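This report refers to the structure that appears directly beneath it.
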Ligand code: FAD
């Protein structure tokens, strides 16, 4: 097949209730680097209801052109109507690369689109690049995360990948950027859509590390599940969430959802407080790009202090409650 008409990169922006997932902006940031290498346009696709501000934001964050499909029936994500819009835009825009976040929604949508096109899809990437033949080098951990596999899609276009949240850096908003907004109509009539969203149950306590601005994470130093309550108090005071090292998760002290690191979630919060965590490389890869890192550890030689902006050497059982008290007092 002749794929010479395919040019540019398309990022599918994921949103819920009009708020975009950070991973979408992180992908736009990384894709701008790739688009410059390819000398090709960077496009975004925004689907939802009353989501025009996100189209504008996509331009401010690097997109040259944004496809906007805004309709009442697209308020909530549903696979068929969303994938129809994506397929229509892919047919119209002919991007050589399509990227989206490796979230629950992104994985579902990307799979549906790739199957339909058909093309290859590399899921859960942690590195992206392009080579001199304009091939996407989509890298992801493989074999129980012991190796990094780079996967190429040589036969089909567009080349597709989903990428993990937190591994790439979003560009700051630049209100002076200009770009084109192309309006797309929904590709299905409401009465053709077989599924209906009745309600959203809160996600049963599942922690959202990916979008958290503050994370207070605990490790083996906590010595058991109960001290996680101390971390929760500090996280609540700071408007954040609780994270954990793998040791704490494997000991059964806290759910895997909370795990930060190579086999957990990669995070990029504004503030990361590591409590009783030594700083093993598998943990560091998941949090070292946080804006500010505070480490609390009784061992002054703990490797975590090498990546920390602020280090507190001492017993977490004294320091964490004192910090919480101070934060609450300062807040008034
Ligand atoms: P430790 O290394 O035992 O550190 C505990 C720290 O607590 C020590 O530094 C100690 O000084 C401090 N401490 C003890 N008591 C106190 C106290 N009272 N006050 C203050 N400080 C105290 N790990 C992850 O975290 N995430 C991953 O995704 C991950 N993936 C992995 C994947 C593979 C393939 C492998 C092989 C390993 C992976 N690991 C991962 C495990 C990793 O190698 C480490 O074993 C783990 O991160 C260590 O957890 P920790 O820091 O909680 O425990």
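Nothing in this text is a laboratory measurement; each read-out follows from the coordinates by a stated rule. All figures in this text were calculated on a predicted structure; none of them were measured in a lab. Heads up, the Cβs are rebuilt from the backbone with ideal geometry, glycines too, and the neighbour counts pull from every protein chain shown.
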Against the longest principal axis of the chain, how steep is helix 316-331, in degrees 0 to 90 to the nearest 10, with axes from Cα atoms?
70 degrees
What is the angle, in °, between the Cα long axis of helix 79-93 and the longest principal axis of the Cα atoms in the chain? Nearest 10 is fine, range 0 to 90.
60 degrees
Grab the beta carbon distance between residue 1 and residue 171, set R0 = 56 Å, and tell me the FRET efficiency rounded to 0.05.
0.95
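Could you tell me what a quarter of the Cα convex hull surface of the range 9-192 works out to, in nm² with one decimal place?
Details: hull surface 40.1 nm².
Taking a quarter of the hull surface, the average projection is 10.0 nm².
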Relative to the first principal axis of the alpha-carbon coordinates of the chain, what is the inclination of helix 228-238, with its axis defined by its Cα atoms, in degrees from 0 to 90 and to the nearest 10?
60 degrees
Segment residue 317-residue 49, extension gain: residue separation times 0.36 nm, minus the distance between their alpha carbons:
91.7 nm
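Note the full-extension length gain between residue 263 and residue 291 as 0.36 nm times their separation in residues minus their Cα-Cα distance, in nm to one decimal.
On the way: separation 28, 0.36 × 28 = 10.08 nm, distance 2.13 nm.
Contour length minus the Cα-Cα distance gives 8.0 nm.
What number, in nm² with one decimal, is the all-direction average of the projected area of the convex hull of the alpha-carbon atoms of the chain? Don't skip to the answer; put the middle values down first.
Numbers: hull surface 75.5 nm².
With the hull built on Cα positions only, its mean projection is 18.9 nm².
Order these by the 10 Å Cβ neighbour count, fewest first: 215, 151. It would help to have the intermediate numbers written out before the result.
Working: 215 28, 151 17.
Ascending number of Cβ neighbours within 10 Å: 151, 215.
Just want the ordering: 156, 104, 82, from fewest to most Cβ atoms lying within 10 Å of their own Cβ.
The most exposed by this proxy come first: 104, 156, 82.
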Return 200, 305 ranked ascending by Cβ neighbour count within 10 Å, so the fewest neighbours appear first.
200, 305
Restricting the count to DSSP beta bridges whose residues both fall in the chain, what percent are antiparallel, rounded to a multiple of 5?
20 percent
Where the centroid of each part is defined by its Cα atoms, how far is the range 282-331 from the range 127-191 in Å?
34 Å
Take residue 213 and residue 226, extend 7 Å from each Cα along the Cα→Cβ direction, and tell me the distance between the two endpoints in nm.
3.4 nm
So between residue 197 and residue 183, what do we pick up on full extension, going 0.36 nm a residue minus the alpha carbon distance?
2.6 nm
Here, residue 152 and residue 79, labelled 7 Å along Cα→Cβ, have an inter-label distance in nm of 3.2 nm
